[in-house]
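Below is one structure, written out as structure tokens; comments come after it.
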Amino acid sequence: MNKSQDQANLLGAITKAAAPTIGRRRFLAGAAALGLSGVLVVPTRSLAQTAIDPATIPGPAWQGGVKGGRGINVWQDTKVDFDPLLAYGRADYYNLSNFFRGLTFMSVGSEPQLDLAQSVDVSADGLTYTFTLRDGIKFHNGRPVVAEDFRWTIERANSPKQASWVQGFMAAVVGHDAFVSGKADTLAGVTAPDDRTLVIALATSDARLLSILGIPPFYVLPREEVERLGDAFSQSPVGTGPYKLLSFDSANSQMVSTRFEDYIYHDHLPYLDEVEIRWNVTEDIQYLQVSRGDADLSMSVPSAVVGKIEGDASYAGRFSAENSLDVQWWPLNVTKAPFDDVRVRQAINHAVNLSRTAVFGINPTGHLYPPSLLGFSDKAPIYAHDPDKARALLAEAGVAGLEMRIGVMTSATADNVRIAQLIAQDLETVGIKVVLEQRQEGALDLGAALRDEYDMWNMSWGMGLPDPSELATNHFGTGGTANLGGYSNPSLDAKAQAALGITDRAARAQSYAEIEAELLADAPFLFLGVRKLYSLRSKRLQNFVYDPAIWTYWDRYWLQDA
Amino acid sequence: MRAGAASGVASPRWLRPDVVIGGVIVAGFVLCALVPGLLAAHDPLMSLPDGLTAAGEPRPPGDGGFILGTDVLGRDIFARIVHGARVAVLIAVVPNLIALAIATLIALTAGYGRGIVETFLMRMTESFLVLPIFLIAMAVIATFGSSTITILLTLAFISWSYPARVLHGEVRRVANSLHVEAARSLGAGGLRITLRHILPHLTPLLFVYFTMNAAYMVMLEAGLAFLGFGVQPPTPSWGLMLADARDQFFRPWLIIVPGACLALLCIGLSLLGNVSEADSPFHGRRILL
């Protein structure tokens, strides 16, 4: 089978799914909704295992580099866990793609592209996804990958024993509730009829499925290694990714991986012979090490040196400030007067000058959605800094002499305390007295008890799935697990539920944009923005590309002097 | 015995250089605490329009007319240091006095009362001595909140045991002395003996402990503030200023200035404590009694 045949098969599969009702334009839109838009070229590999056409490899551009050398990546985390379900830090989560890969892969722009799946056939009703695996995929231990491995991996991610943070993402899969609640032994909706075919059956349409399968917790795992190693699997990752583990030295906070000779794209990628990950390196030291060339990549440059770097020509082309998926906002306790009055909430939003937070690593968009997220719209009605309007709204609401207790969760960064003080200054200028209290815990650790102590607090959420449904469900949906301010808007709940089933990407984006606009008008939070991701590279590291969902693409980077 | 001391007249050696230097340092900070508004022109809580450079950077000392520079929020560091002295002096005095009052009461009761009372009080004191007081302070503040009253009481609560143990030894020594025996023979009651014939002899020790404890309290509060358990922002506090500067190694003045103030106040208190040494008027007072 050649490339054109494979492409024809995939197009046929999609056409088959779309054929009953749609024409060409609708078909293209439907394909885009599935993450299979024009940019997605089906990766192919001939049955004879000859070289793969590099243009069909998923992910960002990569050609033209030099092979060899060791790239060094430094991180601040104090520990790492390379079990995809246990990786909660940055050093581990954003390096999982070095060791593991899945059915789809997030390219730049958080677009899912087929990776270990050669093709996907979606049924006409959008409820059945049939994946055909590539031929010749191997785990690092040498065993060929079969569809059962994917079935087991998905089942593990949803198992009640694991209680993973991604469990809810697959709620639409047939039999999910029974499996998660322990009433069923298997996840009925995921089956592997043969070694190269995986079928996922949904009870209700969910346009996010290909995106979900592209996030690291759903990268395929070898069951025998996971069961044999147990907890030690976290320090001995075995997957299908471009690098396999060479050494793991927890005492020195360092691990080294080497190129996997049987990687599915081994004729082309990766460029580097080895990747070294060091953790337990503070931001200041990261900055010094990368500046000196002792390390190649830091993804957390201290905000204190950003001005210096930007003004120094020797860093030209080596520093980036990107939008992350780390959403920043300050929920208000809407269950309590006077914050149950929308005018008071709007006044608070008008009172604060968000632009002053920019020096603390924030892109103060005034939105809840990150700019890269589906549904983000520049036209959304955000709040301008207008103290006079804030005072007028407070007067209109009959509020005078208001005192607010604000909790400042300092677990993530000291910048939160600084931002809190700026907010306090602005609120004082419109007549709101503020008492700040630092807390060492995270907001989610304190849960709804926050409402007993504070009128407002800071929230930070690193989105695991680059899809607005995560925010709509957890953070402002009625009863959402992270909706700590007690906000409830049945209209938004209904719209968010309906948006889940929309398969047309543009229509879905429009729906989520409307949801955010309504949320902004209701102002249950002080909207801030997203944290900027500052990255610094050594002079020798080339072809740095970044995506807010994946962060690093170590198989694409190369070293100039390798 | 020195003539000056024996006569009860303050010796010129009261003006020893170390004591004078200590006194001047402490007096300077006390002055800052009493009238900060007279010394600092700017509001310590508010960001100033010209407090940051055009690039949003804090100003180093001397830049833009800010003698000690500005912090990352564009606030005048000199104003925050001067106003921060109020917290430092408050912390040095109030919980210190409370702790020493508790220590003295326990030492007098145990040392003079003897018997089961002494056993109970001293075993309790020793139990406190082995506790990790910093962790306890963090736990208490985390439980009851970080209001100023809570912090003051917490600091007092965790710092009375050591002086109590030492004062108890002194009470026992004085209680066995001849003048106490004489007072008892003349019919003096326990309360009178304690207050009139034992307590005054503790004065030099109390003064030493006051100065030592004051420095200790200031450092303890700074440590708590550094970890987020002390006074809360935006209140100007040297510990908070240090905490805010912990990721600012490339702006050294943000660390050096509050750190130097903490060190200077502790040195001043320590030097001032030298006044109770053998050639001080306190020493003479004990002899007169």
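The values are calculated or read from the model by the stated rules, or taken from the named source; none is laboratory data. Small disclaimer: the values here were computed from a predicted structure and weren't measured. Cβ: placed from backbone, ideal geometry, glycine included. Neighbour counts: every protein chain shown.
When region A:130-182 is examined, which residues are found to be of a type in the set (D, E, K, R) and part of a loop (DSSP other than H, G, I, E, B)?
Within region A:130-182, the subset of a type in the set (D, E, K, R) is A:134-135, A:138, A:143, A:148-149, A:151, A:155-156, A:161, A:177.
Of everything in region A:130-182, those that are of a type in the set (D, E, K, R) and part of a loop (DSSP other than H, G, I, E, B) turn out to be A:Arg134, A:Asp135, A:Arg143, A:Lys161.
Residue-wise test of (1) part of a loop (DSSP other than H, G, I, E, B); (2) at negative phi; (3) under 23 Å from the mean Cα position of the chain (by Cα); (4) basic (Lys, Arg).
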site	(1), (2), (3), (4)
A:Leu465	yes, yes, yes, no
A:Ala482	yes, yes, yes, no
A:Ala509	no, yes, yes, no
A:Gly529	no, no, yes, no
A:Tyr534	no, yes, yes, no
Inset, instruction - Might you let me know whether region A:479-502 holds any residue that is modelled with pLDDT of 90 or more, within 14 Å of another protein chain (Cβ to nearest Cβ) and surrounded by fewer than 16 Cβ atoms within 10 Å (Cβ to Cβ)? - result: no
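Can you tell which of A:Leu202, A:Leu187 is out of contact with any Leu (no Cβ under 7 Å at 6 or more places or on another chain), more than 30 Å from B:Phe250 (Cα to Cα), more than 14 Å from chain B (Cβ to nearest Cβ) and among the hydrophobic types (A, V, I, L, M, F, W, C)? Step through it out loud before you land on a result.
On the way: A:Leu202 fails: out of contact with any Leu (no Cβ under 7 Å at 6 or more places or on another chain).
From the options A:Leu202, A:Leu187, the qualifying one is A:Leu187.
Can you go through A:Ala358, A:Ala390, A:Ala443, A:Ala380 and tell me which one is of a type in the set (A, V, I, L, M) and surrounded by fewer than 18 Cβ atoms within 10 Å (Cβ to Cβ)? Full working, then the answer.
Working: A:Ala390 fails: surrounded by fewer than 18 Cβ atoms within 10 Å (Cβ to Cβ); A:Ala443 fails: surrounded by fewer than 18 Cβ atoms within 10 Å (Cβ to Cβ); A:Ala380 fails: surrounded by fewer than 18 Cβ atoms within 10 Å (Cβ to Cβ).
Result: A:Ala358 is the single residue among A:Ala358, A:Ala390, A:Ala443, A:Ala380 that is of a type in the set (A, V, I, L, M) and surrounded by fewer than 18 Cβ atoms within 10 Å (Cβ to Cβ).
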Legend entry - Neighbours by Cβ (under 6 Å, 6+ apart or cross-chain): first from region A:272-285, away from chain B (no Cβ under 14 Å); second in a strand (DSSP E or B) and small (Gly, Ala, Ser): A:Leu272/A:Gly71; A:Val275/A:Gly71; A:Val275/A:Ser257
Inset, instruction - Answer yes or no: is there a residue in region B:238-251 that is crowded, with 22+ Cβ neighbours inside 10 Å, within 14 Å of chain A (Cβ to nearest Cβ) and of a type in the set (D, E, K, R). - result: yes
Inset, instruction - For region B:197-220, indicate whether the set of residues that are away from chain A (no Cβ under 14 Å) and more than 22 Å from the chain's Cα centre (by Cα) is non-empty. - result: yes
Inset, instruction - Starting from residues that are in contact with a strand residue (DSSP E or B) (Cβ under 6 Å, 6 or more places away or on another chain) and over 22 Å from A:Asp326 (Cα atoms), keep the ones in region A:61-97 and report whichever is surrounded by the fewest Cβ atoms within 10 Å (Cβ to Cβ). - result: A:Val66
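On the basis of being without any contact (Cβ under 8 Å) to a residue 24 or more places away in the chain, surrounded by fewer than 23 Cβ atoms within 10 Å (Cβ to Cβ) and within 30 Å of A:Thr56 (Cβ to Cβ), does A:Arg259 make the cut? Step through it out loud before you land on a result.
On the way: without any contact (Cβ under 8 Å) to a residue 24 or more places away in the chain: yes; surrounded by fewer than 23 Cβ atoms within 10 Å (Cβ to Cβ): yes; within 30 Å of A:Thr56 (Cβ to Cβ): yes.
Judged against the criteria, A:Arg259 is a match.
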Legend entry - Of all residues in region B:29-49 being in contact with a helix residue (DSSP H, G or I) (Cβ under 8 Å, 6 or more places away or on another chain) and within 14 Å of chain A (Cβ to nearest Cβ), the one that is nearest to A:Phe360 (Cα to Cα): B:Ser47
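I'd like to check something: does region B:263-273 contain any residue that is within 14 Å of chain A (Cβ to nearest Cβ) and at pLDDT below 90?
no
Matching residues to (1) among the aromatic types (Phe, Trp, Tyr); (2) without any contact (Cβ under 8 Å) to a residue 60 or more places away in the chain:
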| residue | (1), (2) |
| --- | --- |
| A:Pro466 | no, no |
| A:Thr478 | no, yes |
| A:Tyr487 | yes, no |
| A:Tyr512 | yes, no |
| A:Arg540 | no, no |
| A:Ile550 | no, no |
| A:Tyr557 | yes, no |
Legend entry - Extreme residue, nearest to B:Cys266 (Cα to Cα), among residues of region B:222-237 that are assigned to a helix (DSSP H, G or I) and hydrophobic (A, V, I, L, M, F, W, C): B:Ala222
Inset, instruction - Starting from region A:342-366, take each residue that is away from chain B (no Cβ under 13 Å) and list its partners that are of a type in the set (Ser, Thr, Tyr) and outside any helix (DSSP H, G or I), counting only C-beta distances under 8 angstrom and pairs at least six apart or across chains. - result: A:Gln346/A:Tyr383; A:Asn349/A:Tyr383; A:His350/A:Tyr383; A:Gly366/A:Tyr383
Legend entry - Matching residues in region A:398-443 - criterion: being in a loop (DSSP other than H, G, I, E, B), of a type in the set (A, V, I, L, M, F, W, C), under 26 Å from the mean Cα position of the chain (by Cα) and more than 8 Å from chain B (Cβ to nearest Cβ): A:Ala412
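Is one or more of the residues making up region B:11-21 at pLDDT below 95 and either under 25 Å from B:Phe226 (Cβ atoms) or within 14 Å of chain A (Cβ to nearest Cβ) (or both)?
Filtering region B:11-21 down to residues at pLDDT below 95 leaves B:11-21.
Retained after the next criterion (residues that are either under 25 Å from B:Phe226 (Cβ atoms) or within 14 Å of chain A (Cβ to nearest Cβ) (or both)): none.
No, the conditions are met nowhere in region B:11-21.
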